[in-house]
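A short worksheet on the structure shown next.
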Amino acid sequence: MSSQWPPPLGAVQSTVGPHSKERIAYLHRNEVGNFHYGEGHPMKPARLALTHNLVVGYGLHRKMNVYTPRLATDVEMTQFHTEDYIAFLQSVTPDNIQNYTKFLAKHSLGVDDCPVFEGMFDFCRISAGGSIEGARKLNAMAADIAINWSGGLHHAKKFEASGFCYVNDIVLAILELLRYHPRVIYIDIDVHHGDGVQEAFYHSNRVMTVSFHRYDGTFFPGTGSLDEIGAREGKQYSVNVPLLPFIDDASYFSIFRDVINKVMETFRPSVIVLQCGADSLASDRLGCFNLSIKGHGECVRHMKSFGLPMLVLGGGGYTIRNVARCWTYETSVLTDTELPNDLPYNAYLSHYGPDFKLHPPIVDGHSENLNTRQYLESVRVSIFEQLRYLDGAPSVQMQAIPPSLGSFLARQDDRADEDEDRAPDRRANGYTYARRDRHRTAVHPGEHYDSDRDNDHDPGSDLSDSFSDLGGSSSAGDAAAREIDVDGAGLDPDDEGDELDI
């Protein structure tokens, strides 16, 4: 790098001018909402269809460059994952699963959390392809912010699935960013610990991982204590903020702001990766925090204020109507757009009743915030003490960009304890596999029934086979996002990610 890097201690270098309008790349493939994990499974890709529908309904697509990202290739995915694991994901299906029995346990598939479902590998390629392309647009300075709401699957490991995640799109995107950026900061606001990303970079001082999550030693994935600070060259570069149930907006943002400001001052990254898991919202089916949609969005607003290139990803979120609201609101934050609280007409409007608002009263006023001032102060002091041991940001000699970073993690000699990866999860059991024809209908009907029991047999009043266009429309009759032929060119691995006409 030039002599201008690193910037003076206490400064964060911004590549976005103080009066410039950020260029935002929005990466979305319509067919991503078509997939179905199985009857009763809490992970519902249809939330991505609802989100995109609201984004278009509010007209936010007009303030972004909207792209159909190409699918991730085997070569790209094996930059992190092992070749045999990717080959297994590509080969196993619900029809031939009995032929792969001995491999299921090895790769943690075919279990309640990570079932083998139809189109599983395509789903992984869509998610990973969007995050990789977002990173490339940032590297090429073709965008200041890149958004991939289908990404953020932070639990997947090098050779095994975990916590609904099969391919770790985040690690793949960070590896791409490291080709051009000396230091990358990864920030995770999912209610679950970002264990897969932390593990991948546990021995690296070029990636600082910062995770805000519930931790009590038993809540999935069972990792994320204050003591997990990294190792070898990466010692002190893993930051964990363990939180207790029912944390509210004020407490969450206070600890978030203080920790992030200190991290940014100390580490001085040149690019941000932000995972916006929406299961940290109040009323989430699997979460236990008490954040409002605006409270969650304040974290996004704060990260945007640093003016650095930023890759924004999705993550968890299991009350799908609130996931769509949250990620739509955060898209408006990123585009500096004020949205009316009344939702625009869209194909899935009935899911937002009875209030039909962007910001419904989801916060539980009767829940006691277990995060006392004393507890949060003790966490803050511990993290600040950890960061004190960093002797400034690491100096990185940037050389010619290699054609591949596949060996980067191997050089970190990452040998995390596999027993911790298999810590017990407190999610509901009894998921079953369900074969379906995802090319016949836009979204599997069962994906939208998300009551506490979630029996998935109620098709919902606003779903039918006629909904083949996931783009949605605004109240003014705006043109919907173009329909993708999932039987043909829609899954063409040679698709170069052309700009999407809306």
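Odds and ends about this structure:
- In plain terms, the bigger the Kirkwood radius, the slower the diffusion; for the stretch 247-364, with that radius from Cα pairs, at 4 °C and 1.567 mPa s, Stokes-Einstein puts D at 86 µm²/s.
- Net charge contributed by nearby residues that have their C-beta within less than 15 Å of Leu308 (K/R +1, D/E -1): +3
- Charged neighbours of Val273, selected by a Cβ distance under 11 Å, balance to -3 (K, R count +1; D, E count -1).
- In this structure the stretch 114-153 gives 17 Å² per residue of accessible area when probed at 1.4 Å with all protein chains present.
- Computed from the Cα positions only, the extents of the stretch 141-213 along the three principal axes stand at 33, 28, 24 Å, in decreasing order.
- Kirkwood estimate for the stretch 190-269, i.e. one over the average of 1/r between Cα atoms, Å: 12.9 Å
- In straight-distance terms, cross-link reach from Lys262 covers every one of the lysines whose alpha-carbon lies under 22 Å from its own, apart from those fewer than eight places away in the same chain; here that gives Lys235, Lys304.
- Its Cα gyration tensor gives the stretch 230-269 an equivalent ellipsoid; the semi-axes, largest first and in whole Å, are 24, 14, 4.
- Most positive-pole-ward Cα, Gln90, Ser108, Gly130, against dipole of the stretch 47-175 from beta carbon charges: Gly130
- Each Lys and Arg Cβ is given +1 and each Asp and Glu Cβ -1; about its Cα centre, the stretch 90-236 then shows a dipole of about 560 debye.
- Surface composition of the stretch 274-343: carbon and sulfur atoms hold 43% of the protein heavy-atom accessible area at a 1.4 Å probe.
- Between Ala105 and Met141, residue separation times 0.36 nm minus the direct Cα-Cα distance comes to 8.7 nm.
- Listed residue (Gln275, Cys326, His302) projecting farthest to the positive dipole end of the stretch 256-360, Cβ model: Gln275
- For the set Lys106/Lys137; Lys44/Lys357; Lys44/Lys294; Lys21/Lys357; Lys21/Lys44; Lys44/Lys137, the pairs lying more than 32 angstrom apart at their alpha carbons are Lys106/Lys137; Lys21/Lys44.
- Sites Ser378 and Ser305, calculated FRET efficiency, Cβ-Cβ separation with R0 25 Å, nearest 0.05: 0.40
- The chymotrypsin sites (Phe, Trp or Tyr not before Pro) of the stretch 289-379 meeting both criteria, a DSSP state outside H, G, I, E and B (loop) and at most 15 other C-beta atoms within 10 angstrom of the site's C-beta, are Tyr345, Phe356.
- Net length available on complete extension from Leu390 to Arg23 is 128.8 nm, with 0.36 nm assigned per residue and the Cα-Cα distance removed.
The values are calculated or read from the model by the stated rules, or taken from the named source; none is laboratory data. Since the model is a prediction, treat every value here as computed from it, not as a measurement. When we count neighbours, we look across all protein chains shown, and the Cβ atoms used for this are built from the backbone with ideal geometry, even at glycine. Note: accessible area is taken over every heavy atom of the protein model, side chains too, but ligands, DNA and RNA are not part of it. Shrake-Rupley method; radii C 1.70, N 1.55, O 1.52, S 1.80 Å.
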